1. Can you give the FRET efficiency to the nearest 0.05 for SER66 and LEU157, using r as the Cβ-Cβ distance and R₀ = 35 Å?
2. Amide H to amide H, which residues 5 or more places from ARG122 or on other chains are under 5 Å from it, using H placed in the peptide plane?
3. Provide the per-residue ³J(HN,Hα) series for region 199-216, in order, calculated from phi with Karplus coefficients 6.51, -1.76, 1.60 and θ = phi - 60°, each as a whole number of Hz, with x at glycine and proline positions.
4. For a footprinting-style exposure proxy, rank ARG75, ARG63, ARG127, ARG213 by other Cβ within 10 Å, fewest first.
5. Quick one: if you stick a label point 7 Å off each Cα along the C-beta vector at LEU208 and LEU53, how many nm between them?
6. Taking the Cα-to-Cβ direction at PHE118 and at VAL284 and moving 7 Å from each Cα, how far apart do the two end points lie in nm?
7. In whole Hz, with x marking every Gly and Pro, tabulate ³J(HN,Hα) for region 33-40 from phi via Karplus 6.51 cos²θ - 1.76 cosθ + 1.60, θ = phi - 60°.
8. Residue by residue through region 121-129, what is 3J(HN,Hα) from phi via Karplus (6.51 cos²θ - 1.76 cosθ + 1.60, θ = phi - 60°)? Round to whole Hz and write x for glycine and proline.
Amino acid sequence: MASVLVMAGSLALNLFAGAAVVVSNKSAFAAGFAFPTALTAIHYASNYLLLLLLQGLRSFEPRSPSSSSDQQTVRACTAVWALHNCVSNLSLRHNSVGMFQLMKILITPLICCFEFAFYGKRPTLARGACLLGSAIGVGLATITDISFTPAGAAIGLVSVCLSATLKVIQERLLQRDGWTSMQLMHRTWPAQLLLLLLLTPLLDGTALVSSYRPSSTAVAAVSASALAAFVANVSSLIALGATSAIALVLLGQAKSSSILLAGYMLFDSTPSARTLCGAALAMVCIGGYTYLGLVSPGGMAHQAPGAEVGAKASHSDGMAMAGSCVGGLDESDSSGCNDELDSSGQLAERVPFRTYMK
């Protein structure tokens, strides 16, 4: 019962914090603070200071890798996390909205491939059909224009691979190796912060950042965004430790689909028939995945001996997805930004935020 309450609480916090991050970021940009990389660096710096404060209050104990294998995994997590922060921003810059959404859909099959390659896990035929159906549904509902460029496609594929890899590594550290969310953040964030500080002048422009004069409104918005980011990061890692990488990706897809359907049913919006059918298909398939997770906790056609990663989370997947189908719970967005869909299926605004891990 306690584990269920922890999972439900982390998902609820993630939903609230995700909305707060979007509102705060938009307020900061509206107030003239149009520096996404600098904003991300501020998030990392302020969040790390909060971690040090909590460490001083003995809210958690810092942890070092206990073995050479553990050390290699933590180093890989740090490197992939830092690279993902940078490449996701480049993907947003070089791809159209449609191509960006298409790339995000590829995260789910990539996670399945990585989990099979590294841990011998593969979904049952029924679960695989649900995952495929949800991806097709989200694609129909959200992809409008696809503007292909070789450079954009290459950057997008690298971003997707890094995102899927990051989720699998984090899942391993949190579930099999027993790291807590705060321990993982405390161990990996200093290196990521250093990289962001080095990249801020390059990506945001040295002259623009140095000449900016902040207003009280911008300072308040950035401060609120940093606090919400801390809650979002902690809650998303707790949720990942209680469920699985695939479940978190599906949470984000459920949110996008539920926003579209709610806009049509409650607010008299006029999305296209394709958008409505796609959203409905995604919700039905995610509901099917939820049902299979609840009635068949194992949920795997095959799992290699000794591959403990995710074994304890199979039943939690079903309960987490049940929550998503009701409330449109957010995921920890691996894309590097928070995407708010309007009722027609268009991305209303792309809010860069790379510390909020989908």
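1. Working: r = 35 Å, r/R0 = 0.99.
With R0 = 35 Å, the Cβ-Cβ based efficiency is 0.50.
2. Sorted by chain and number, the residues that satisfy this are ALA301, HIS302.
3. 8, 4, x, 6, 8, 9, x, 4, 5, 5, 5, 5, 8, 6, 10, x, 9, 4
4. Details: ARG75 14, ARG63 17, ARG127 22, ARG213 6.
Ascending Cβ contact count within 10 Å gives the list ARG213, ARG75, ARG63, ARG127.
5. 3.0
6. It is 3.5 nm.
7. Each residue's phi maps through the Karplus curve to give 8, 9, 10, x, 5, 5, 4, 5 Hz.
8. Listing the rounded values in order: 8, 9, x, 5, 4, 5, 5, x, 5 Hz.
FYI, it's all coordinate maths here, none of it is from the lab. These numbers were taken from a predicted model, which means no experiment stands behind them. Don't worry about glycine lacking a Cβ; one is built from the backbone with ideal geometry, like all the others, and counts go over all protein chains shown.
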